[in-house]
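Below is one structure; the comments refer to it alone.
The values are calculated or read from the model by the stated rules, or taken from the named source; none is laboratory data. In this text, all values refer to a predicted model and were calculated from it rather than measured experimentally. Cβ placement follows ideal geometry from the backbone for every residue including glycine, while neighbour counts extend to all protein chains displayed. Surface accessibility is based on the protein's heavy atoms, side chains included, excluding ligands, DNA and RNA. Shrake-Rupley method; radii C 1.70, N 1.55, O 1.52, S 1.80 Å.
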Amino acid sequence: MICWNEIKEFHIEEETALSLGKFDGVHRGHEELLSYLLEKKKEGMKAVVFTFDIPPKKLTENNNYRVLSTNEEKQYILAERGIDYMIQCPFTRDVMCMEPEDFVDWIVTSLHVKSIVVGADFRFGHNRRGDYVLLQKLADQYGYSLRVVDKLQYRGRDISSSYVREEIVKGNLETANELLGYPFFIRSEVIHGKQLGRTIGIPTINMELPAEKLLPPKGVYVTEVLIGEERYRGVTNVGCKPTVNHSNKVNVETYILDYSGDLYGLTLNIFFYHFVRPEKKFDSLEELKAEIERNIKTSREYKILQKCYKSIDIMTEY
């Protein structure tokens, strides 16, 4: 997949099928959009997803806005899904203030668009004045077809990034994973930590996440770690490690069951399944070790439901 993040690069010669939106989390509600693009790909068009490099809400409403998927994670998901081009458009003031008719002219012309698919709630352009009604009105003029997709529901509620975010913030990973259609995950490089885990016989890998990444509540989780094409069960702590650390900086630390090897510098995926316990400060390393061993037992025994999802080929069964 080709990923562009500079406006000057936006140009495709081949005919394309395009979907536009935030695609935060690339959840089940986005599935029909992606499936439509892949159907058009079979007809010879290139499949294109257009999104922004930062969520518009972060600039216009809330500077502390957290995303379900970082740009790198979103790129990873869409590449696995079979999308040909991902455009992470810089959300500049000029773009934000662009009239919707001008936005359509720019995108359709630059990307040689012959088909567009959007959600019914999609808005674009200055003051969010553009919508699918305007896209339909301009379709004949620019020579593209338009498909509008209604919201998918789960338990009587529209599936949305906000819905997924709420469940993750509560620590309800099982529900969040149902909404996503795959296990919530973080993707980051393994960095050097203090290596205190080695001193108690439980070596861990450490990851530092971008500030904009939404994380579940501080605590311990049943996880899996993808190393190459193999999955290993894990115990992951999200938090500040109060027993051995006096910093308030949140990081992610994982013990990988039944694995030994040097993973420093590698970029790995950690999939979250179940909240085990809140973060806790222990009086000694011995108490900490005993608790980690109990958590390891919990992770090993936790039954991960076998479900098939179409969203990400490499995540089809869990």
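With every protein chain left in place, what is the accessible area of LEU285 in Å² (1.4 Å probe, nearest 10)?
Looks like 70 Å² after rounding.
ARG294 to ASN127: FRET efficiency via 1/(1 + (r/R0)^6), r the Cβ-Cβ distance, R0 51 Å, to the nearest 0.05? All intermediate terms of the calculation are to be shown ahead of the outcome.
Values: r = 55 Å, r/R0 = 1.07.
Efficiency for this residue pair is about 0.40.
Taking the Cα-to-Cβ direction at CYS97 and at LYS151 and moving 7 Å from each Cα, how far apart do the two end points lie in nm?
3.2
Could you calculate the FRET efficiency of TYR142 with SER260 from 1/(1 + (r/R0)^6), where r is the beta carbon distance between them and R0 is 41 Å, rounded to 0.05? Display every interim value, and only then the final one.
On the way: r = 57 Å, r/R0 = 1.40.
Once the sixth-power term is evaluated, E becomes 0.10.
List nothing, just return the count: lysine pairs in the stretch 15-58, 8 or more apart or interchain, with Cα separation under 23 Å. Before the final figure, lay out each step's value.
On the way: LYS22/LYS40; LYS22/LYS41; LYS22/LYS46; LYS22/LYS57; LYS22/LYS58.
Lysine pair count for the stretch 15-58: 5.
Rank ILE205, ILE54 by accessible area, highest first, at a 1.4 Å probe radius? Mind showing how you got there, number by number?
Working: ILE205 20, ILE54 55 Å².
The most accessible residue leads, giving ILE54, ILE205.
Whole Å is fine, so just give me how far the alpha carbon centre of the stretch 1-53 lies from that of the stretch 139-159.
14
What is the stretch 66-160's relative contact order, in percent, from Cα pairs under 8 angstrom and six or more apart in sequence? If you can, show how the numbers build up before the last one.
On the way: 77 pairs, mean separation 22.2, N = 95.
23 percent.
Could I have the simple spin-label model distance between LEU285 and LEU38, label points 7 Å from Cα toward Cβ, reported in nm to one decimal?
4.9
Add +1 for every Lys or Arg and -1 for every Asp or Glu among the other residues with Cβ under 14 Å from the Cβ of ASN5, and state the total. Can you show the working numbers first?
On the way: positive: LYS8, LYS74; negative: GLU6, GLU9, ASP53, GLU72.
Net of charged neighbours comes to -2.
Could you tell me what % of all Cα pairs in the chain have separations over 37 Å? Write down the numbers at each step before the final one.
Working: 11568 of 50403 pairs.
Of all Cα-Cα distances in the chain, 23 percent exceed 37 Å.
What order do HIS30, HIS126, HIS192 take when sorted by accessible area (1.4 Å probe), most exposed first? Write out the running numbers ahead of the final one.
Values: HIS30 20, HIS126 60, HIS192 125 Å².
Largest accessible area first, the residues go HIS192, HIS126, HIS30.
How would GLU230, GLU286, GLU72, GLU99 line up by accessible area, probe 1.4 Å, largest first?
Working: GLU230 110, GLU286 135, GLU72 90, GLU99 65 Å².
The ordering from most to least exposed comes out as GLU286, GLU230, GLU72, GLU99.
Can you give the alpha-carbon Rg of the stretch 122-184 over 2.2 N^0.38 Å, where N counts its residues?
Values: Rg = 16.4 Å, N = 63, 2.2 N^0.38 = 10.6 Å.
This ratio for the stretch 122-184 stands at 1.54.
Based on the Cβ-Cβ distance from LEU226 to ASP158, what FRET efficiency comes out when R0 is 30 Å, to the nearest 0.05? Show your work: numbers first, answer last.
Details: r = 30 Å, r/R0 = 1.01.
Taking R0 as 30 Å, the efficiency between LEU226 and ASP158 is 0.50.
Tell me, what is the Rg over Rh of the stretch 139-298, with Rh the Kirkwood radius over Cα pairs? Kindly include the intermediate steps, with their values, before the conclusion.
Numbers: Rg = 18.9 Å, Rh = 17.4 Å.
Result: Rg/Rh = 1.09.
Quick one: how many Å² of THR204 are accessible to a 1.4 Å probe, rounded to 10?
The accessible area of THR204 comes to roughly 40 Å².
Before I look further, what does the stretch 57-208 give for accessible area per residue, probe 1.4 Å, in whole square angstrom?
Numbers: 7160 Å² over 152 residues.
Each residue of the stretch 57-208 exposes 47 Å² on average to a 1.4 Å probe.
Pairs of Cα atoms under 8 Å, at least six residues apart: use those to get the relative contact order of the chain, whole percent. Display every interim value, and only then the final one.
Numbers: 594 pairs, mean separation 55.2, N = 318.
Result for the chain is 17 percent.
How high is the relative contact order of the stretch 105-261, given as a whole-number percent (alpha carbon pairs under 8 Å, six or more residues apart)? If you can, show how the numbers build up before the last one.
Numbers: 193 pairs, mean separation 21.7, N = 157.
In percent, rounded to a whole number, it is 14.
Just list whichever of LYS74/LYS170; LYS170/LYS249; LYS213/LYS281; LYS8/LYS218; LYS170/LYS289 have alpha carbons separated by over 31 Å in the model shown. Display every interim value, and only then the final one.
Numbers: LYS74/LYS170 22 Å; LYS170/LYS249 20 Å; LYS213/LYS281 25 Å; LYS8/LYS218 41 Å; LYS170/LYS289 27 Å.
The pairs that break the limit, which is 31 Å between Cα atoms, are LYS8/LYS218.
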